[in-house]
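Worksheet: one structure, shown below.
Each reported figure results from applying straightforward, stated rules to the coordinates on display, with no laboratory input. Note that the structure is a prediction, hence the values are computed from the model and not measured. Ideal geometry is used to build each Cβ from the backbone, glycine not excepted, and the neighbour counts take in all protein chains shown.
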Amino acid sequence: MYEGVVQDLIDELGRLPGVGPKSAQRIAFHLLAADADDVRRLVAALTEVKEKVRFCSTCGNVAQQEQCRICLDPRRDPSVLCVVEEPKDVVAIERTREFRGRYHVLGGAISPIEGVGPDDLRVRELMTRLADDTVQEIILATDPNLEGEATATYLARMIKPMGLRVTRLASGLPVGGDLEYADEVTLGRAFEGRRLLDV
């Protein structure tokens, strides 16, 4: 335990996701040793992001306007909608430069253990977006874990009766990985998702 404001800073930093007590302490002492101008820039950036950044009214992605740049882009295909859990997933998919459709950010995944149900996510907003017959295919790109699978299954059951094409991102072996280290589920999915080689 440190005195007063130093401990307050460590406590606040420790509330950030993925930052444990030791990391919080290291960051706090880094900030104490840092140049005052560097700390002021950090404070200004934090203040500015809280004031200017919001969530897109259409898809739920981060935006500085009412809508994000992807929803405003007329070159994006409105008939294909990729459903993800968080805005960071949009960034990951955009880095591939493979997807040219639009997104819908749920804001999490169904997790009964954490008390997160469908009503806590942007499912209602998704169903509203699907009602106008613009979307023809839904790509469920939730995480390949228990919560992501439960969320994808729930959404697929809701969307299928609407007559839309519902697909799920393939999952399997990572490039550069060894078969001996793959778990059974990953290896099983890799077999299910195998494709024909054009030689």
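Observations on the structure shown:
- Principal axis dimensions, largest first and in whole angstrom, of the chain by Cα: 61, 47, 39
- With helices as the sole contributors, the chain gives -13000 deg cm²/dmol at 222 nm; each DSSP H run of n ≥ 4 counts as -39500 (n - 2.57), and the sum is divided by every residue.
- Amide H partners (placed H, <5 Å) of Arg168, local residues excluded: Leu140
- Comparing region 62-168 with the 2.2 N^0.38 Å rule of thumb, its C-alpha radius of gyration ratio is 1.03 (two decimals).
- The fraction of Cα-Cα pairs per 10 angstrom bin, counted from 0 for region 72-124, comes to 23, 45, 24, 7, 0 percent, rounded to whole percents.
- Pair Val62, Arg195: separation of 7 Å Cα→Cβ label points (nm): 3.1 nm
- Amide H contacts under 5 Å for Phe99, placed H, 5+ residues apart: none
- For region 123-199, convex hull of alpha carbons as volume per residue, Å³: 135 Å³
- Whole-Hz couplings from phi, Karplus 6.51/-1.76/1.60, listed for region 85-92; x for Gly and Pro: 7, 9, x, 5, 5, 4, 4, 4
- Our coupling estimate for region 56-61, obtained by passing each phi through the Karplus curve with A = 6.51, B = -1.76, C = 1.60 and θ = phi - 60°, is 4, 5, 8, 9, x, 6 Hz, Gly and Pro reported as x.
- Cα gyration tensor category, rounded, prolate or oblate, for region 4-52 with a/c compared to 1.5: oblate
- Amide H contacts under 5 Å for Val116: Ser111, restricted to partners 5 or more places along the chain or on a different chain, H placed in the peptide plane at 1.01 Å from N.
- Vicinal HN-Hα couplings computed from phi for region 3-9 (Karplus, 6.51 cos²θ - 1.76 cosθ + 1.60; Hz; Gly/Pro x): 7, x, 5, 5, 5, 4, 5
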